[in-house]
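S.K.: There's a structure below that I have some questions on.
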Amino acid sequence: MSKVFITDGYWHKTLAVVRSLGEKGIDVTVGESTRLATALFSRYARRRVIYPSPKTRPEEFLNFLEDELKKERYDVLIIPEESTLHLIAKNIQRFDKLTRLPFPDYNTILKASDKKEVLKTAMAIGIFVPKTIFIDDFSELEGKAAKVSLPAVIKPRMSSGSYGIRYVNNMKELITAYKEVHEKYPLPLIQEYIPQGGDAFGLSALFDKNAEPKAVFVHKRLREYPITGGPSTLRESVVNDEVQELGIKLLKALKWYGVAMVEFKMDPRDNRPKLMEINPRFWGSLSLSVYAGVDFPYLLYKMAMGEAFKPVTTYKTGLRSRYLLPGDIMHFFSNPERFKMRPGFFNFFDKKTRDDIISIKDPLPTIGRILSLFTLLYHKDMRRYLKERN
């Protein structure tokens, strides 16, 4: 029986990986730095381990992982969380002889994580992006800020989700907010605000070592939290050939290997998809693609193991997945139009909608998710997550 080690058990995207592989009889071990982690409660995890925090005790974590891989002889290592991926990729020489590692080299990951590098690559190959001001030295701020059209968005070069993002409406707000973001995320970008009214799409893909797509999937965001822009809480499987083509074009230009998701937002002013960012790892809405027929975790495993398969390019459309605990609940309470949403929040029995976590076949992760929220009170990593989210 093949064995796979999966890190970052706290997140619901990791639960999707555990369920996908475990359902197929693969021996899954999942790890996290706290016992109150959603994926650790899954029936499909044959083994659960608690390791030192990759964020606060990185060297101890690397030592633990190296010992674990030597002792248990795993066939594949899967890393769903970006910060953990960076740490392991940067220290790849400690692991590349111990197991299969289906992700690109550290420099490629770093480039895909850097919004400045991604936007410049996109512009060079003809992909539309929001108008962006790049600050190379803090002394340039006031001079370049004068060229910004308002309202605007300040975005860290290296972050995911809504971390560090600030929306500004006038020049005074811009200068103040930029300085505040710069203290934590050096030299962030200043970007034009794309008006409301345009749909947001994600192109999810799996690429082989020749930078050729082995699986593709497109979803449309229906709800998100924070409502001003953040991880999706409800999404739908769709076909959008333009978004698919542009996402593949960008990942090929980066010579990508493994999984990634490229985000676009339609600009209602010209009806063109504008590039937002790349997620160079598994994404929060992963369960939707599995539900629709593109089983990225299993396809990644098969590719890592050297198994041949035809590219997966078709899937069921019109299906939805929901991140209820706590994402869609938080969206509901923060949305002033909460009772006018379509689909409605209380539409719990839609046969075409599944939850990211809640499952009759695998019920305990629901309890795990509820319990995991208590880690925000005492666990250093999770307290940092809550502080950054706020």
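The values are calculated or read from the model by the stated rules, or taken from the named source; none is laboratory data. The structure displayed is predicted, hence computed values, not measured ones. No Cβ is skipped: glycine too gets one built from the backbone with ideal geometry, and neighbour counts run over all protein chains shown. Surface accessibility is based on the protein's heavy atoms, side chains included, excluding ligands, DNA and RNA. Shrake-Rupley method; radii C 1.70, N 1.55, O 1.52, S 1.80 Å.
S.K.: Between S149 and E307, how many nm apart are label points set 7 Å from Cα along the C-beta direction?
M.R.: Label-label distance for S149 and E307, simple model: 5.0 nm.
S.K.: Rounding to the nearest 10 and keeping the result within 0 to 90°, find how far the Cα-based axis of helix 171-184 lies from the longest principal axis of the chain.
M.R.: In the chain, helix 171-184 runs at an angle near 30 degrees to the longest axis.
S.K.: When the dipole is taken about the Cα centre of the chain, and only Lys, Arg (+1) and Asp, Glu (-1) are charged at their Cβ, what size is it in debye, to the nearest 20?
M.R.: Dipole about the Cα centre, nearest 20: 620 debye.
S.K.: Using 0.36 nm times the number of residues separating L98 and D75, minus their current alpha carbon distance, what extension gain do you get?
M.R.: Extra length from L98 to D75 when fully extended: 7.4 nm.
S.K.: Which of these values of P(r) over Cα pairs in 20 Å bins from 0, in percent was calculated from the structure shown: [x] 22, 38, 28, 12, 1; [y] 28, 61, 11, 0; [z] 23, 38, 21, 12, 5, 0?
M.R.: Comparing each candidate, only [y] matches the computed number.
S.K.: Separate question: Between Y193 and R272, 0.36 nm times their residue separation minus their Cα-Cα distance comes to what?
M.R.: That pair, Y193 and R272, stretches by 27.0 nm at full extension.
S.K.: Would you kindly state how much longer the chain becomes between E142 and K316 on full extension, computed as 0.36 nm times their sequence separation minus their alpha carbon distance, in nm to one decimal?
M.R.: Gain on extension, E142 to K316, equals 57.7 nm.
S.K.: With 5 Å bins from zero, work out the P(r) of segment 128-275 over every alpha carbon pair and list the percent per bin.
M.R.: 2, 9, 17, 19, 18, 16, 11, 6, 2, 0
S.K.: Which links in K55/K155; K115/K352; K179/K255; K71/K214 stretch past 24 Å when you go from one Cα to the other?
M.R.: As for pairs spanning more than 24 Å Cα to Cα, those are K115/K352; K179/K255; K71/K214.
S.K.: Using the alpha-carbon atoms, what tilt in degrees (0 to 90, nearest 10) does helix 58-72 show relative to the longest principal axis of the chain?
M.R.: 30 degrees
S.K.: Note the angle between two axes, namely the Cα long axis of helix 241-253 and the longest principal axis of the Cα atoms of the chain, as a number of degrees from 0 to 90, rounded to the nearest 10.
M.R.: 80 degrees
S.K.: May I ask for the distance between the Cα centers of segment 1-50 and segment 248-272, given as a whole number of Å?
M.R.: 29 Å
S.K.: While we're here: Near K90, which aspartates and glutamates are there with a Cα under 19 Å away, not counting those fewer than 8 places off in the same chain?
M.R.: Here the aspartates and glutamates satisfying the reach criterion relative to K90 are D8, E59, E60, E66, D67, E68, E81, E82, D105, D114, E117.
S.K.: Oh, and also: Which whole-percent values make up P(r) of segment 229-386 when all C-alpha to C-alpha distances are grouped in 5 Å steps starting at zero?
M.R.: All Cα pairs, binned at 5 Å, distribute as 1, 7, 13, 17, 20, 17, 13, 8, 3, 1, 0 percent.
S.K.: Now, a different point. For segment 8-81, rounded, prolate or oblate, judged on the Cα gyration tensor with a ≥ b ≥ c (square roots of eigenvalues), a/c < 1.5 rounded, else prolate if a/b > b/c?
M.R.: Note, shape of segment 8-81 comes out oblate.
S.K.: Compute the distance in nm between two label points, each set 7 Å from the Cα along the Cα-to-Cβ direction, one at A211 and one at K131.
M.R.: The modelled label-to-label distance comes out at 3.1 nm.
S.K.: Next question, about the same structure. What order, most packed first, do the peptides 45-51, 326-332, 296-302 have when packing is the mean number of other Cβ atoms within 10 Å of each residue?
M.R.: The peptides rank, most packed first, as 296-302, 326-332, 45-51.
S.K.: Given points 7 Å out from each Cα along the Cα-Cβ axis, report the V239 to N169 separation in nanometres with one decimal.
M.R.: 4.3 nm
S.K.: Moving on to the next point. Would you please classify the overall shape of segment 181-258 from the alpha carbon gyration tensor, given that a ≥ b ≥ c denote the square roots of the eigenvalues, rounded means a/c under 1.5, and beyond that prolate means a/b larger than b/c while oblate covers the rest?
M.R.: oblate
S.K.: Can you work out D for segment 232-301 in µm² s⁻¹ from Stokes-Einstein, where Rh is the Kirkwood radius over C-alpha pairs, the temperature is 37 °C and the viscosity is 0.692 mPa s?
M.R.: Reported coefficient: 246 µm²/s.
S.K.: Place +1 on the Cβ of every Lys and Arg and -1 on the Cβ of every Asp and Glu in segment 276-356, take the dipole about the Cα centre, and give the residue among F346, M330, F309 whose Cα lies farthest towards its positive end.
M.R.: F346
S.K.: For segment 80-199, report the accessible area per residue in Å² (1.4 Å probe, heavy atoms, rounded to an integer).
M.R.: For segment 80-199, the per-residue accessible area is 47 Å².
S.K.: For the chain, with all protein chains present and a 1.4 Å probe, just round the carbon and sulfur fraction of the accessible area to a whole percent.
M.R.: 53 percent
S.K.: For M123 and R47, what is the calculated FRET efficiency with R₀ set at 51 Å and r taken between the beta-carbons, to the nearest 0.05?
M.R.: Computed FRET efficiency for M123 and R47: 0.65.
S.K.: With runs of 4+ DSSP H residues as the only contributors, calculate the mean residue ellipticity of the chain at 222 nm using -39,500 (n - 2.57) per run, divided by the residue total and rounded to the nearest 500.
M.R.: Result for the chain, helices only: -9500 deg cm²/dmol.
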